[in-house]
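Participant: To start, I am sharing the structure in question, which I have written as structure tokens.
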Amino acid sequence: MNGSGTAPAVPRPAYRRLSVEQRRSQLLAAALGLFAQHAPEDVSLDDVATAAQVSRPLVYRYFPGGKQQLYEAALRSAADILERCFAEPETGPLTQRLSRALDRYLAFVDEHDAGFSALLQGGSVVETSRTSAIVDEVRRAAADQILRHLGEPEPGLRLRMTVRMWITAVEGASLIWLDEGKRPPLDELRDWLVDHFVALLTATAARDPQTARVTRGALRMEPSEGPVGDLARRILPVVSDATHLL
């Protein structure tokens, strides 16, 4: 209370004048933060305005299409981040490159858990053919990056399918990991997914000459103490009693 017996006025946050691009980025960041923790249908424009500390009309000024336009823009922003997760220099053993890419991808999943689930599982009231196309674009971009690392400029059907199947498995594992309370630890999940890629590639190599050639080339770069050597040593005891199949 002040001397006149009335409560002092609460000062308002200072208004910051931002450029058009800065303001748009600010609104998208606020929206992404909300979509990361809530299903899209549970987020309103008022929520975004509050999170960004701006007025609702200002949100409409930048996104006149309302919540749908804002959601698609936020989704596009998230997709750009996910696509960059798989961008990796083409040096060193393949499993090391995959591990670094997965570290970035799984960190995004961890940070945007609720939003990631809504994004991949679909069924949202704001889902459209455009949002589905954005999600599919991320999958294709990730597959293209991995095929590039395999060093095959013209991948055949089986090799392409193998990589796309693994991308689907990574998505599924990420959703199950969230459903299981984020267990096992991220580093264990990452190593497990790398094992799956090696196993899937090897299984396809047994049926496809192109994949066999690519797999041999990748394995030659792997050190004996690396993930592939460790996987081989763990598999041998499991299959040692199956010599009757040979």
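The values are calculated or read from the model by the stated rules, or taken from the named source; none is laboratory data. From a predicted model like this one, the values you see are computed outputs, not experimental measurements. When we count neighbours, we look across all protein chains shown, and the Cβ atoms used for this are built from the backbone with ideal geometry, even at glycine. Note: areas computed on protein heavy atoms with side chains; ligands, DNA, RNA excluded. Shrake-Rupley method; radii C 1.70, N 1.55, O 1.52, S 1.80 Å.
Participant: Any idea how far apart ARG104 and GLN69 come out in nm if each label point goes 7 Å out from Cα toward Cβ?
Facilitator: 3.1
Participant: Can you tell me the alpha carbon radius of gyration of segment 52-95 divided by the globular rule-of-thumb value 2.2 N^0.38 Å?
Facilitator: Numbers: Rg = 17.1 Å, N = 44, 2.2 N^0.38 = 9.3 Å.
Here the answer is 1.84, to two decimals.
Participant: Of the accessible area of segment 11-75, with the probe set at 1.4 angstrom, what percent is carbon plus sulfur?
Facilitator: Values: 1950 of 3800 Å².
That share works out to 51 percent.
Participant: Which whole-number percent is the relative contact order of segment 14-90 (Cα, under 8 Å, 6+ apart)? Kindly include the intermediate steps, with their values, before the conclusion.
Facilitator: Numbers: 41 pairs, mean separation 23.9, N = 77.
Computed over segment 14-90, the figure is 31 percent.
Participant: Taking only C-alpha pairs under 8 Å that are 6+ residues apart, what is the relative contact order of segment 60-183 in percent?
Facilitator: Rounded, it is 27 percent for segment 60-183.
Participant: Taking 7 Å along the Cα-to-C-beta vector as the label spot, tell me the LEU18-ASP46 distance in nanometres, rounded to one decimal.
Facilitator: 2.2
Participant: What dipole magnitude, in Debye to the nearest 20, does segment 137-188 give about its Cα centre under +1 on Lys/Arg Cβ and -1 on Asp/Glu Cβ?
Facilitator: Details: 8 positive and 9 negative charges, 35 e Å.
Here segment 137-188 has a charge dipole of around 160 debye.
Participant: Sticking with this one: Can you give me the solvent accessible area of VAL170 with a 1.4 Å probe, rounded to the nearest 10 Å²?
Facilitator: Rounded to the nearest 10, that gives 0 Å².
Participant: Here's another thing I want to ask about it. Rounded to the nearest 500, what is the 222 nm mean residue ellipticity of the chain from helices alone, with -39500 (n - 2.57) per DSSP H run of 4+ residues and division by all residues? Could the numbers behind the result be given before it?
Facilitator: Values: 11 runs with 168 residues, N = 246.
Mean residue ellipticity, 222 nm, calculated: -22500 deg cm²/dmol.
Participant: May I pose another question? Is any residue of segment 91-109 close enough, with backbone N under 19 Å, to a label point placed 7 angstrom from the Cα of ALA199 along the Cα-Cβ axis, and if so, which?
Facilitator: 95-96, 98-99, 102
Participant: Compute the signed sum of charges (Lys and Arg +1, Asp and Glu -1) over the other residues within less than 14 Å, Cβ to Cβ, of GLY172. Don't jump to the answer; show the numbers that get you there.
Facilitator: On the way: positive: ARG139, ARG164; negative: GLU171, ASP179, GLU180.
Net local charge, GLY172 excluded: -1.
Participant: Now for a different question. Evaluate the relative contact order of the chain (contact order divided by residue number), counting alpha-carbon pairs under 8 angstrom at least 6 apart; express in whole percent.
Facilitator: Numbers: 199 pairs, mean separation 45.2, N = 246.
Over the chain, the number comes to 18 percent.
Participant: Here's a follow-up. Based on the alpha-carbon gyration tensor of segment 175-246, what equivalent-ellipsoid semi-axes (square roots of 5 times the eigenvalues) come out, in whole Å, largest first? Mind showing how you got there, number by number?
Facilitator: On the way: eigenvalues 125, 56, 39 Å².
They are 25, 17, 14 Å, listed from largest to smallest.
Participant: Take the solvent-accessible surface of the protein heavy atoms, probe 1.4 Å, and return the percent of it on segment 102-246 that carbon and sulfur atoms account for. Working shown, then result.
Facilitator: Working: 4740 of 8350 Å².
Carbon-and-sulfur percentage of accessible area, whole number: 57.
Participant: Would you work out which of ILE176, LEU200, PRO155 lies farthest towards the positive end of the dipole of segment 154-203? Charges go on Cβ: Lys and Arg +1, Asp and Glu -1.
Facilitator: The residue sitting most towards the positive pole is PRO155.
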